[in-house]
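The values are calculated or read from the model by the stated rules, or taken from the named source; none is laboratory data. On a predicted model such as this, the values are computed, not experimentally measured, just so you know. So basically every Cβ, Gly included, is an ideal-geometry build from the backbone, and we count neighbours across all protein chains shown.
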């Protein structure tokens, strides 16, 4: 396989990879980072952003945010891999954030409980001191 000036393939073949916005098909593949959608090369990032906007608007419109199981349109190639990796990392980040928030809340509650315990102990000590002074007079 040889590549020259945007054309790659076996010597003598006419395969030319397509940029974003160019027409594409089985004999006219898109460059890596793009996906052929309805005969036009589309950036994987733009494709992902469009799907994310569609999901967000369907959630705002009262939808579930994702198609029901079994009715999902299969994604192909790099776009699907990028989406799975990105969403997996985002889910991990969100879970870690929730875990950290729970831990922070637990620590804060423990600090407040210790503060209340100390205040009760101080109040008992003050009351005992006042009672001792009253009996001593």
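Of all positions in the range 56-64, at least one carries a residue that is under 30 Å from residue 21 (Cβ atoms), under 14 Å from the mean Cα position of the chain (by Cα), surrounded by 11 or more Cβ atoms within 10 Å (Cβ to Cβ) and at pLDDT below 90. Could you grab the pairs with beta carbons closer than 8 Å, sequence gap of 6+ or different chains, first residue in the range 1-28 and in a strand (DSSP E or B), second one modelled with pLDDT under 60 and loosely packed, with under 10 Cβ neighbours inside 10 Å? These pairs meet every condition: 2/10; 2/11; 8/1; 9/1.
Of all the numbered requirements in (1) modelled with pLDDT under 90; (2) loosely packed, with under 10 Cβ neighbours inside 10 Å, residue 133 misses one, and that requirement is (1).
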